[in-house]
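**Q** Quick one: the structure is below, questions incoming.
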Amino acid sequence: MNIAIDFGGTTIKIGLVHEGKVHALRTLPAHSSKGLIPRLPAVAAAVRELLACHRLSIADCEGIGIATPGLVDTVNRTIVSINDKYSDAVGFSFQSWIADTFQLPFVMENDARSALIGETAYGVAQRETDAVLMTFGTGIGTAAMMNGKILHGRHYQAGILGGHFSTDIHGSLCNCGNIGCLEAQAGHWALNQAARRHPQYSQSRLSQLTQLSYLAVLEEALSGDQAATDLLEHLSSHWIAGIVNLIHAYDPEVVILSGGLMKSKDHIVPLLSERVCKNAWTPWGKVRIAVAEDPDASVLLGVSRLLSEHTA
Ligand SMILES: [Zn+2]
């Protein structure tokens, strides 16, 4: 049995994984604006409770796989850099925490890379060797696999900065320091700012919502609200540019879309796929667009897979 922990920005997910299946799952609120390190005692307690519920102990486990946002040094098993939330975890020794708390082998990886490993090993892109993933959460995470190898790059940045490819050189300042990043134009955290720029925003039903979400924009657009319709078109254009950038950069056979936005896949995917195929330069044929069936599971399955390779 492997223990897999996904430190998401909103929820921390803990899974017991065996042979490509999540056998048990527990979630904790992340409170990520207060940092990652203060949550570790609760995470350790939740792991022990979950094991006890299934009549297991630490000794029954092969090891622990940890997925986090940000740039992860997979060799030294630390977070090198992270945007905004969990910034206290940069440079933190997960090795010491694991040694003090569990005394088990462990691996660490970026969450989007973990999801791509999960999807190509067990999910919608099984047996694919050339794939990219784009996941729509608070930000927009990406990862890339070429010739069966997950890209890391010299500084652990390769493949995962697709949310920070510029899609508008005259666009907004991103919290990464760059101008007009996909995330700053069409990420969930930038939604309010994007909506407020619309000249009819104050007459739109969007202005009456306390919490703007992708789902709310879609629902209001479907009900005929003009500002929401225009905002959805703005968002789609940036998402499409982002996906085409990934295709041009990494030459995949398949693009996997994941994250909360895919709860509305019946509306969103047709909106994106036709224009992606039309805009992308792929003389060899058409890139397949696939939607992750269980985004939470794919991160846990991915880090568990890495752990199994590490301990084999
Ligand atoms: Zn950026």
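The values are calculated or read from the model by the stated rules, or taken from the named source; none is laboratory data. Because the structure is a prediction, the values reported are computed rather than measured. Every residue, glycine as well, gets a Cβ built from its backbone with ideal geometry; the counts of neighbours run over all protein chains shown. Heavy atoms of the whole protein, side chains included, go into the accessibility calculation; ligands, DNA and RNA do not. Shrake-Rupley method; radii C 1.70, N 1.55, O 1.52, S 1.80 Å.
**Q** Mind listing the long-range amide H neighbours of G65? Cut-off is under 5 Å, sequence gap 5 or more, other chains count too, H placed in the peptide plane at 1.01 Å from N.
**A** Amide H to amide H, under 5 Å and 5 or more residues apart or across chains, G65 pairs with I3, A4, I5, V107.
**Q** Moving on. Taking 25 Å as R0, compute the FRET efficiency from the Cβ-Cβ separation of L25 and D88 and round it to 0.05. Kindly include the intermediate steps, with their values, before the conclusion.
**A** Numbers: r = 26 Å, r/R0 = 1.03.
That gives a FRET efficiency of 0.45.
**Q** Enumerate the amide H contacts of G259 below 5 Å, restricted to partners 5 or more residues apart or on another chain; note that Pro and chain-start residues carry no placed amide H.
**A** Long-range HN contacts for G259: F136.
**Q** Using a Förster distance of 22 angstrom, determine the FRET efficiency expected from the C-beta separation of S207 and N178, and round it to 0.05.
**A** Numbers: r = 29 Å, r/R0 = 1.32.
So the FRET efficiency works out to roughly 0.15.
**Q** If we count every other residue with Cβ under 9 angstrom of A228's Cβ, Lys/Arg +1 and Asp/Glu -1, where does the sum land?
**A** On the way: positive: R205; negative: E219, E220, D225, D230.
Counting the neighbours of A228, the net charge comes to -3.
**Q** Around T27, with a cut-off of 15 angstrom between Cβ atoms, what is the net charge of the other residues, counting Lys and Arg +1 and Asp and Glu -1? Working shown, then result.
**A** On the way: positive: K13, R26, R39; negative: D6, E49, D111, D294, D296.
Spelling it out: positives minus negatives among the neighbours equals -2.
**Q** Which residue, chosen from G171, W189, Q208, occupies the Cα position most advanced towards the positive end of the dipole of the range 85-216, where the dipole is computed from +1 (Lys, Arg) and -1 (Asp, Glu) charges on Cβ about the Cα centre?
**A** It is Q208.
**Q** Once amide H atoms are placed 1.01 Å from N in the peptide plane, what residues at a sequence separation of 5 or more from R288, or on another chain, have their amide H within under 5 Å of its amide H?
**A** Under 5 Å from the amide H of R288: V254, V255.
**Q** Moving to a separate point now. Between the range 106-175 and the range 221-294, how far is it from one alpha carbon centroid to the other, in angstrom?
**A** The distance from the Cα centre of the range 106-175 to that of the range 221-294 comes to 15 Å.
**Q** Could you list the square roots of 5 times each eigenvalue of the Cα gyration tensor of the range 127-292, that is, the equivalent ellipsoid semi-axes, sorted largest first and rounded to whole Å? Don't skip to the end; give the middle numbers.
**A** On the way: eigenvalues 160, 62, 34 Å².
Sorted largest first and rounded, they come to 28, 18, 13 Å.
**Q** Given Cα pairs under 8 Å that are at least 6 residues apart, what percent is the relative contact order of the chain? Please list the in-between numbers first.
**A** Details: 629 pairs, mean separation 63.4, N = 312.
Dividing the mean separation by the residue count of the chain yields 20 percent.
**Q** Now for a separate question. Dipole of the chain (Lys/Arg Cβ +1, Asp/Glu Cβ -1, origin at the Cα centre): which of Y250, L56, G123 lies farthest to the positive side?
**A** It is L56.
**Q** Measuring with a 1.4 Å probe in the full set of protein chains, what accessible area per residue, in whole Å², belongs to the chain? Before the final figure, lay out the partial values.
**A** Details: 14210 Å² over 312 residues.
For the chain, the solvent-accessible area averages 46 Å² per residue.
**Q** Dividing the Cα convex hull volume of the range 17-92 by residue count, how many Å³ per residue is that? Intermediate values should be presented prior to the final figure.
**A** Numbers: hull volume 8.7 nm³, N = 76.
In the range 17-92, the Cα convex hull volume per residue is 115 Å³.
**Q** In whole angstrom, and with the biggest value first, how far do the Cα coordinates of the chain range along each principal axis?
**A** In descending order, the Cα extents are 60, 46, 34 Å.
**Q** Read phi for every residue in the range 154-160 and hand back ³J(HN,Hα) as whole Hz from Karplus 6.51 cos²θ - 1.76 cosθ + 1.60, θ = phi - 60°, with x for Gly and Pro.
**A** These are the phi-based 3J(HN,Hα) values: 4, 10, 6, 9, 5, x, 9 Hz.
**Q** Taking the Cα centre of the range 127-292 as origin and charging only Cβ (+1 Lys, Arg; -1 Asp, Glu), how large is the dipole, in debye to the nearest 20? Walk me through the numbers on the way to the answer.
**A** Numbers: 12 positive and 13 negative charges, 52 e Å.
The calculated dipole for the range 127-292 is roughly 260 debye.
**Q** Give, as a single signed number, the net charge of other residues whose beta carbon lies under 10 Å from the beta carbon of A292, with Lys and Arg counted +1 and Asp and Glu -1. Don't skip to the answer; put the middle values down first.
**A** Working: positive: K265; negative: E119, E293, D294, D296.
The answer is -3.
**Q** Something else now. Per residue of the range 294-310, in order, report the coupling 6.51 cos²θ - 1.76 cosθ + 1.60 (Karplus, θ = phi - 60°) as ³J(HN,Hα) in whole Hz, putting x for Gly and Pro.
**A** 9, x, 5, 5, 5, 5, 5, 5, x, 5, 5, 4, 4, 4, 4, 5, 5
**Q** Further question on the same structure: Please list 3J(HN,Hα) in residue order for the range 244-256, calculated via the Karplus relation 6.51 cos²θ - 1.76 cosθ + 1.60 where θ = phi - 60°; whole Hz, with x for glycine and proline.
**A** So the J values, rounded to whole Hz, are 4, 4, 4, 5, 5, 7, 10, 6, x, 8, 9, 10, 9.
**Q** Charges only on Cβ, +1 for Lys and Arg, -1 for Asp and Glu: so what's the dipole of the chain about the Cα centre, in debye to the nearest 20? Before the final figure, lay out each step's value.
**A** Details: 23 positive and 29 negative charges, 41 e Å.
With Lys and Arg at +1 and Asp and Glu at -1, about 200 debye.
**Q** To continue, here is another question. Which loop GluC sites (Glu not before Pro) in the range 268-311, with loop taken from DSSP, have no more than 13 other Cβ atoms within 10 angstrom of their Cβ?
**A** E293
**Q** Could you tell me which of the pairs K85/K149; K13/K286; K13/K278; K85/K286; K13/K149; K85/K278 are separated by over 31 angstrom between their Cα atoms in the structure shown? All intermediate terms of the calculation are to be shown ahead of the outcome.
**A** Numbers: K85/K149 29 Å; K13/K286 35 Å; K13/K278 37 Å; K85/K286 37 Å; K13/K149 26 Å; K85/K278 36 Å.
Those over the limit are K13/K286; K13/K278; K85/K286; K85/K278.
**Q** On to the next question. Ignoring ligands, DNA and RNA, what percent of the 1.4 Å accessible area of the chain is carbon and sulfur? The partial results should precede the final answer.
**A** Details: 7210 of 14210 Å².
Of the solvent-accessible surface of the chain, carbon and sulfur hold 51 percent.
**Q** Related question: Considering all projection directions equally, how large on average is the shadow of the alpha-carbon convex hull of the range 219-292, in square nanometres? Let's see the in-between values first.
**A** Values: hull surface 19.8 nm².
Result: 5.0 nm².
**Q** Right, here's the next one. For the range 1-75, which trypsin sites (Lys or Arg not before Pro) pass both filters: DSSP loop (anything but H, G, I, E, B) and at most 12 other C-beta atoms within 10 Å?
**A** Working: sites: K13, K21, R26, K34, R39, R48, R55; in loops: R55.
Passing both the DSSP loop test and the Cβ count: R55.
**Q** Give the residue from M146, L104, I37 lying farthest towards the positive end of the charge dipole for the chain; charges sit on Cβ (+1 for Lys and Arg, -1 for Asp and Glu) and the dipole is referred to the Cα centre.
**A** The Cα lying farthest towards the positive end belongs to I37.
**Q** Same structure again: Over the range 178-312, what is the relative contact order in percent, taking alpha-carbon pairs closer than 8 angstrom and at least six residues apart? Walk me through the numbers before you get to the answer.
**A** Working: 113 pairs, mean separation 26.1, N = 135.
About 19 percent, as a whole number.
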